[in-house]
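Some notes on the structure that comes next.
The values are calculated or read from the model by the stated rules, or taken from the named source; none is laboratory data. None of the values given here were measured: they were computed from a predicted structure. Note: ideal-geometry Cβ built from the backbone for every residue, glycine included; neighbour counts use all protein chains shown. With ligands, DNA and RNA removed, areas are computed over all heavy atoms of the protein, side chains included. Shrake-Rupley method; radii C 1.70, N 1.55, O 1.52, S 1.80 Å.
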Amino acid sequence: MVVFVFGGSKSGKSDFAQNLSVKISERKNLYYVATMIPHDGEDEERIKKHIESRSGLGFKTIECPYDIDEIFDGKENNPYGTFLVESLTSLLSNIMFKDCEVHFDSWKKLKEMLDVFVAKGKNCVFVCDSIFSDAESYGMETEAFRHLLANASSFICGLSDIVVEVKNGYANFMKGGDKILQDSERVKKYFFVTGGAHNGKLEYAKKRFCLGSDDICICKKDVEPDFSKRCIAYLENYIWFCMKNKIQPKMDWKKDTVFIATDIFCGVVPMEKDLREWREKTGEYFQMIAKESYCERVCFGLAQEMRG
């Protein structure tokens, strides 16, 4: 079985991929193929969090930043196991920018490597970042990287039995496997509407939940929201406010609160540290809220239910 899991920053894709890998492996011969090469303290902290998140799940970690097709050469790794590759993004980055040079022909090497890996491994689960939704154009190297990552993603999707996009911890199965991980039928406390900028989230929520202007608090980055309102809109701005004022975001909201939030996670990682931290903290908070919510994603005015 080949599985491709993708999503934006802090979307919950890693946790989802881990749980799915445990499920399909039946906790036998379970491997975590770690591809990231840490370059600074932020990377070290990210790796630490990943190690903690998979602790106790039964993974054997294989450090392999380059030649993942070679991990089957020795006898210690069972090719009949389940291999979670975290992530395709890091793997391409390592190959493309190896030895402080830019290798624009990296796609050929990566494709050959993936061909061998998928052919030899019984269950292969790939995690990939979604960095394709920016309106901004970047420099030649970054645009080349995005182009090659899109090629790699398309290639793996073509081989995959299951393709799933994860947003705020919720899964959107795009190919196969829509019954493999189902959310429980427990009653949720909130309603969570998300989507890209200018996609009609607010207008949809007004009609869906019969909201008037007096029911809605529009969050701003420099003002604490009015928690008495039935609808808290643009929740990402509230997280910025909490971050800048060094306070913890509110966790216990009134039952049936409607949250509206913009998806700020699917572009290239920002250069500014504040923006990276904002994406991280917002993504973590959205996942917690989404677990307690009935979730819908709005694209161009059309709503789609999101399921765990």
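Scanning for something within 13 Å of ALA303 (Cβ to Cβ) and modelled with pLDDT of 90 or more, does the range 210-220 turn up at least one residue?
Looking for residues that are within 13 Å of ALA303 (Cβ to Cβ) and modelled with pLDDT of 90 or more, one finds none in the range 210-220, hence no.
Among the residues of the range 24-36, write down those that are under 24 Å from GLU277 (Cβ atoms) and either open to solvent by 50 Å² or more (accessible area, probe 1.4 Å) or in contact with a His (Cβ under 7 Å, 6 or more places away or on another chain) (or both).
MET36
Six or more apart or on different chains, Cβ under 6 Å: which pairs go from a residue in the range 86-105 that's in contact (Cβ under 8 Å) with a residue 12 or more places away in the chain to one that's in a helix (DSSP H, G or I) and among the polar types (S, T, N, Q)? Could you list them?
So the pair list comes out as ILE95/SER106; MET96/SER106.
The rows are residues; the columns are (1) in a helix (DSSP H, G or I); (2) open to solvent by 40 Å² or more (accessible area, probe 1.4 Å); (3) among the polar types (S, T, N, Q).
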position: GLU44; (1), (2), (3): yes, yes, no
position: ILE47; (1), (2), (3): yes, yes, no
position: GLU52; (1), (2), (3): yes, yes, no
position: GLY56; (1), (2), (3): no, yes, no
position: ILE62; (1), (2), (3): no, no, no
position: PHE72; (1), (2), (3): no, no, no
position: GLU76; (1), (2), (3): no, yes, no
position: LEU84; (1), (2), (3): no, no, no
position: THR89; (1), (2), (3): yes, no, yes
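Condition first: open to solvent by less than 50 Å² (accessible area, probe 1.4 Å), of a type in the set (A, V, I, L, M, F, W, C) and part of a helix (DSSP H, G or I). Can you find one or more residues in the range 157-175 that meet it?
Looking through the range 157-175, at least one residue is open to solvent by less than 50 Å² (accessible area, probe 1.4 Å), of a type in the set (A, V, I, L, M, F, W, C) and part of a helix (DSSP H, G or I).
Between residues in the range 107-125 that are in contact (Cβ under 8 Å) with a residue 12 or more places away in the chain and residues that are of a type in the set (Ser, Thr, Tyr), which pairs lie under 6 Å by C-beta distance while being six or more apart or on different chains?
Listed pairs, sorted by first residue: LYS122/TYR80; ASN123/THR82; VAL125/SER21.
Checking ASN94 against (1) in contact with a Leu (Cβ under 6 Å, 6 or more places away or on another chain); (2) modelled with pLDDT of 90 or more; (3) surrounded by fewer than 21 Cβ atoms within 10 Å (Cβ to Cβ); (4) of a type outside the set (Lys, Arg): exactly one of these is not met. Which one?
(1)
For SER21, indicate whether it is open to solvent by less than 40 Å² (accessible area, probe 1.4 Å), under 24 Å from VAL269 (Cβ atoms) and either outside any strand (DSSP E or B) or among the charged types (D, E, K, R) (or both).
no
Can you tell me which residue in the range 101-133 is farthest from GLU165 (Cα to Cα), limited to those that are open to solvent by 60 Å² or more (accessible area, probe 1.4 Å) and outside any helix (DSSP H, G or I)?
So, considering only residues that are open to solvent by 60 Å² or more (accessible area, probe 1.4 Å) and outside any helix (DSSP H, G or I), the one farthest from GLU165 (Cα to Cα) is GLU101.
For (1) more than 30 Å from SER90 (Cβ to Cβ); (2) open to solvent by 70 Å² or more (accessible area, probe 1.4 Å); (3) part of a strand (DSSP E or B), each residue gets a yes or a no:
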site	(1), (2), (3)
ALA197	no, no, no
GLU203	yes, yes, no
LYS207	yes, yes, no
TYR238	yes, no, no
PHE241	yes, no, no
TRP253	yes, no, no
ALA261	no, no, yes
ARG276	no, no, no
MET306	no, no, yes
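Which of the residues belonging to the range 213-227 are open to solvent by 50 Å² or more (accessible area, probe 1.4 Å) and part of a strand (DSSP E or B)?
Result: ILE218, LYS220, VAL223.
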